[in-house]
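*Asks:* First the structure, which I've put down as C-alpha cells, then a few questions once you've had a look.
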Amino acid sequence: MLELMELLRADPDDQGLRTAALLRRSRPFDKELQIAGLVHRLGRLLRLSDGTVTVGVAAESIRPLLGERVARLVRLQSPDRPAGADVGHHDGDSDDAEAVATLCQARDSAAAAGLDAGVLEDWQPLLELVAAGSCRAASPGNALDPLGPPKGPRGSSVPDGAR
C-alpha cells in the first residue's frame, strides 16, 4: 500500500485525485469505481524500460492489491481504447459498461477542471478497504487475509463449542 501511495503522489497534476473526487460525488456507493478513478493514471507513472506507457501494465500491477474489477476498469478506461469497444463481451461483466463510461467522463472532466479534490491521504482508508475486500474475495481463509478467516458455520470446520 505504501508503494502505491508513493506512486500516486508522483502524479504531477493530481488528475487521478480529481477524477476520484468527481466519482465520489456522482457514484458515492461504488467504492471500486472511485479507486479506479484514483489510480487510472498509473500507466503514465509506471513506464516500461523502453519508456512506453501502457494501461495494461498499470491494470496488472494493481490487480493483486485492488482486485479484478478495479484492474478491469483501469484497463477499459484507456483513452487509447477504440471508441465504442465492447466492454462486456471480452473484458468482464457487462454491468461495468456504465461504470467505464462514468469513469471516462470523470477522467475527461477532471483534466479540464480546477477542482479542489483534497489530499491523497484522505483516500488511504478507502484504498485499504478495497484492498482488504479484494484480498478476502480472492482468497477466503488465507493466512494473509487482513480480516481473518470467514466467521460462522461456513468459515470453519471446527464446531463453535470446540473453540
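*Asks:* Would you mention how many residues in the stretch 36-54 are buried (at least 21 other Cβ atoms within 10 Å of the Cβ) and either farther than 16 Å from GLU98 by Cα or at pLDDT below 90 (or both)?
*Replies:* Count: 6.
*Asks:* I would also like to ask the following. Under the condition of being under 24 Å from LEU65 (Cβ atoms) and more than 15 Å from the chain's Cα centre (by Cα), which residue from the stretch 93-127 is modelled with the lowest pLDDT?
*Replies:* Across the stretch 93-127, the extreme among qualifying residues is ASP93.
*Asks:* Have a look at SER134, SER156 and point out the one that is small (Gly, Ala, Ser), out of contact with any Cys (no Cβ under 6 Å at 6 or more places or on another chain), modelled with pLDDT under 90 and not in a helix (DSSP H, G or I).
*Replies:* SER156
*Asks:* Might you let me know whether the stretch 60-76 holds any residue that is of a type outside the set (A, V, I, L, M, F, W, C) and at pLDDT below 80?
*Replies:* no
*Asks:* Give all pairs with beta carbons closer than 8 Å in which a residue from the stretch 68-89 that is over 12 Å from ALA58 (Cβ atoms) and assigned to a helix (DSSP H, G or I) meets a residue that is modelled with pLDDT of 55 or more and open to solvent by 20 Å² or more (accessible area, probe 1.4 Å); count only pairs at least 6 apart in sequence or on separate chains.
*Replies:* From the stretch 68-89, the pairs are ARG69/GLU32; VAL87/SER94; VAL87/ALA97; GLY88/SER94; GLY88/ASP95; GLY88/ALA97.
*Asks:* Working only within the stretch 10-27, note down all residues that are among the aliphatic types (A, V, I, L, M) and within 16 Å of the chain's Cα centre (by Cα).
*Replies:* LEU17, ALA20, ALA21, LEU22, LEU23
The values are calculated or read from the model by the stated rules, or taken from the named source; none is laboratory data. These figures come from a predicted structure and were not determined experimentally. Cβ: placed from backbone, ideal geometry, glycine included. Neighbour counts: every protein chain shown. Just so you know, the surface numbers come from the protein's heavy atoms only, side chains and all, with ligands and any DNA or RNA stripped out. Shrake-Rupley method; radii C 1.70, N 1.55, O 1.52, S 1.80 Å.
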